Amino acid sequence: TQAPKLIEALPPVDIVVTMGCNVSCPFLPSKHREDWGLDDPSGKSDTEFKAVISQIEQNMIRLARQISSQQINRS
């Protein structure tokens, strides 16, 4: 079964990504941290939702490339 975990119970993480969206996130120690500064699409049009989805996709691709090319130190 799954249950929510306290941040203190999480194992060490290499990379933390926060989305922005004008939401404060708890601090989670990591080796690399990024805030993508996305606008919260709640209550907006489908077009705006799709734009945020596209931004997330592009950011994921960029981050994966940075990890693959070792531009981000995970050790």
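Out of every Cα-Cα pair that the chain contains, those further apart than 17 angstrom amount to 57 percent. One chain, two ends: residue 8 and residue 57. Fully extended at 0.36 nm per residue, the span grows by 14.7 nm beyond their Cα-Cα distance. Computed extension gain for residue 16 through residue 39, at 0.36 nm per residue and net of the alpha carbon distance, reaches 6.5 nm.
A simple spin-label model places pseudo-atoms 7 Å from Cα toward Cβ; at residue 24 and residue 49 they are separated by 2.9 nm.
No lab work stands behind these numbers, since they all come straight from the coordinates. In this text, all values refer to a predicted model and were calculated from it rather than measured experimentally. Positions of Cβ are generated from backbone atoms using ideal geometry, with glycine treated the same way; all protein chains shown enter the neighbour counts.
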